[in-house]
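Chemist: This is the structure, below, for whatever I ask next.
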Amino acid sequence: MSTNKISRRLRIKRSIRNKISGTAERPRLSVFRSNKAIYAQLIDDTTGVTLAAASSVKLDDAKANVETAGRVGKEIAEKALSKGISQVIFDRSGYLYHGKVKSLAEGAREGGLKF
């Protein structure tokens, strides 16, 4: 990956984070995508606490593909609903809303979360 691509994503990420912030009632659903896995966290930015987390590493077949990302979205939605959280703010972390990130968001919506 070139340095320009990484710096572009980080610049977009900073811009997004300046605009959004999670609370205890409506936490931030943060997405991180690597070459091997995809991760999702529910974060309360007022206290700096992670409320719930899910990743493709914990699933049976830990491949980083679109189907697995959808399952991670459903898993984070189940964990959020068990803690009484139904609304979140989606933080794509500078990634394009396409492919795995989109699949994770749609899986979370199918699981019952509202963005």
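The values are calculated or read from the model by the stated rules, or taken from the named source; none is laboratory data. These figures come from a predicted structure and were not determined experimentally. Please note: Cβ atoms are built from the backbone with ideal geometry, for glycine as well, and neighbour counts cover all protein chains shown. SASA here: full protein model, heavy atoms, side chains in, ligands and nucleic acids out. Shrake-Rupley method; radii C 1.70, N 1.55, O 1.52, S 1.80 Å.
Chemist: How big, in percent, is the set of alpha carbon pairs in region 1-46 lying more than 18 Å apart?
Modeler: Cα-Cα pairs in region 1-46 separated by more than 18 Å: 42 percent.
Chemist: Given a 1.4 Å probe and every protein chain left where it sits, what share in percent of the accessible area of the chain is carbon and sulfur?
Modeler: 49
Chemist: Please quote Rg/Rh for region 65-115 to two decimal places, taking the Kirkwood radius as Rh and restricting both calculations to Cα atoms.
Modeler: Expressed as Rg/Rh, it is 0.96.
Chemist: Which value, in debye to the nearest 20, gives the size of the charge dipole of region 24-82 about its Cα centre, when Lys and Arg are +1 and Asp and Glu are -1 at the Cβ?
Modeler: 160
Chemist: Considering the dipole of region 1-63 built from charges on the beta carbon (Lys and Arg +1, Asp and Glu -1) around the Cα centre, which of Ile43, Phe32, Ile6 is farthest to its positive end?
Modeler: Checking the options against the dipole of region 1-63, the answer is Ile6.
Chemist: Further question: Hey, if you put +1 on the Cβ of every Lys and Arg and -1 on every Asp and Glu Cβ in the chain, which of Gly73, Ala62, Leu96 ends up farthest toward the positive end of that dipole?
Modeler: Leu96
Chemist: Check cross-link reach from Lys5 to the lysines: straight Cα distance under 26 Å, and skip same-chain residues fewer than eight apart.
Modeler: Within the straight-line cut-off, Lys5 pairs with Lys13, Lys19, Lys36, Lys63, Lys100, Lys102.
Chemist: In Å², what does the accessible area per residue of the chain work out to with a 1.4 Å probe?
Modeler: For the chain, the solvent-accessible area averages 59 Å² per residue.
Chemist: Taking a cut-off of 16 Å, what percent of all Cα-Cα pairs in the chain are separated by more than that?
Modeler: For the chain, the share of Cα pairs beyond 16 Å comes to 56 percent.
Chemist: Most mobile of Ser34, Ser103, Ser21 per a Gaussian network model of the chain (Cα springs, under 10 Å)?
Modeler: Ser34
Chemist: Something else now. Using just the helices of the chain, give the 222 nm mean residue ellipticity in deg cm²/dmol: DSSP H runs with n ≥ 4 each add -39,500 (n - 2.57), and the total is spread over all residues, rounded to 500.
Modeler: Mean residue ellipticity at 222 nm (helix-derived): -13000 deg cm²/dmol.
Chemist: To the nearest 20 debye, what is the magnitude of the charge dipole of the chain about its Cα centre, counting +1 on the Cβ of each Lys and Arg and -1 on the Cβ of each Asp and Glu?
Modeler: With Lys and Arg at +1 and Asp and Glu at -1, about 640 debye.
Chemist: First select every other residue whose beta carbon is under 9 angstrom from the beta carbon of Ile43; then total the charges, Lys and Arg +1, Asp and Glu -1.
Modeler: Local charge sum for Ile43: -2.
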